[in-house]
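Accompanying notes for the structure given below.
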Amino acid sequence: MPHLILLHGALGHSDIFISYLNPLSQYFTVHTPLFSGHGDCGLPEDGISIEKYTQELSEYCQKNQLADVSIFGHSMGGYVALCYAMKTPENVNSIMTLGTKFDWTGEQAAKESKMLNPDVILEKVPKYAQLLESQHGSKWKQLLPAVADLMIDLGKNPPLKNNLSAITVPVQVMVGDQDNMVTIEESTTVYRSLPDAKLAVLPDTKHPMDKIRPALLLDMIKDFWNLS
């Protein structure tokens, strides 16, 4: 069976894919790795970065002897998938991204990272704080500033900027029409910059993976990968 990797976003968890495992395992051997600092994976002492996560994906593929792999990446997971395809195109069959932010500038990164203050989240959005603790344990308070640093680093040095034309594998860029983090415009710009790409705007769809209707996303997945 062909291999499919499902990549979660920053502050996400592989658990978000549970409802997709059964339907997709009819067509693929499905992999749901966790990025370091997430779930029960320790937070590296030297922090996290897109480059580090791209290396982790590369090591996962080597360890599991995965070649010609298909990848679905939500949010940051999509960014990592494209970075991996840029580095090792011979290992990648094709990629779907959903809700991936591409337009990283210093100003944008500063704005996003300011929202990752553990004390503010505890006070203003206690339910989200509970979710983060249940998914990542007590280290969630350290993970937030680490992700903020990752975003600031992305703003200073976005690895995909000016490199999209080098990614030759088939890609479908997807964005929800109600996504308040990713614009349809930036998704369209990336779609036009990739040599072999499709674009899909999902109706009535917000950014978080748990707000996406599984039936809608599964239809998009089946269409892209020609699954009957």
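The values are calculated or read from the model by the stated rules, or taken from the named source; none is laboratory data. Worth saying up front: this structure is predicted, and the values here are computed from it rather than measured. Cβ placement follows ideal geometry from the backbone for every residue including glycine, while neighbour counts extend to all protein chains displayed. Just the protein is used for accessible areas: all its heavy atoms, side chains included, with ligands, DNA and RNA removed. Shrake-Rupley method; radii C 1.70, N 1.55, O 1.52, S 1.80 Å.
For a quick check of your reading of the model, give me the residue pairs whose first member lies in region 111-138 and is under 20 Å from Cys41 (Cα atoms) and in a helix (DSSP H, G or I), whose second is of a type in the set (A, V, I, L, M) and open to solvent by 60 Å² or more (accessible area, probe 1.4 Å), with beta-carbon atoms closer than 8 Å and at least 6 apart or on different chains. Listed pairs, sorted by first residue: Ala129/Leu122.
Residue by residue, here is whether (1) of a type in the set (Phe, Trp, Tyr); (2) in contact (Cβ under 8 Å) with a residue 40 or more places away in the chain; (3) out of contact with any Gly (no Cβ under 9 Å at 6 or more places or on another chain) holds:
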| site | (1), (2), (3) |
| --- | --- |
| Ala10 | no, yes, no |
| His13 | no, yes, no |
| Ser25 | no, no, yes |
| Val30 | no, no, yes |
| Pro33 | no, no, yes |
| Ile50 | no, yes, yes |
| Glu56 | no, no, yes |
| Val69 | no, yes, yes |
| Gly77 | no, yes, no |
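For region 99-110, the set of residues classified as assigned to a loop (DSSP other than H, G, I, E, B) and either among the hydrophobic types (A, V, I, L, M, F, W, C) or farther than 11 Å from Lys156 by Cβ (or both) consists of Gly99, Thr100, Lys101, Phe102, Asp103, Trp104, listed by residue number. For region 44-92, a tally of residues being under 18 Å from the mean Cα position of the chain (by Cα), over 21 Å from Lys156 (Cα atoms) and among the hydrophobic types (A, V, I, L, M, F, W, C) returns 7. The residues in region 188-211 that are open to solvent by less than 50 Å² (accessible area, probe 1.4 Å), closer than 16 Å to Ser75 by Cα and not in a helix (DSSP H, G or I) can be counted, and the count is 4.
Quick check, is Gly106 in contact with a helix residue (DSSP H, G or I) (Cβ under 9 Å, 6 or more places away or on another chain) and open to solvent by 10 Å² or more (accessible area, probe 1.4 Å)? In short, yes.
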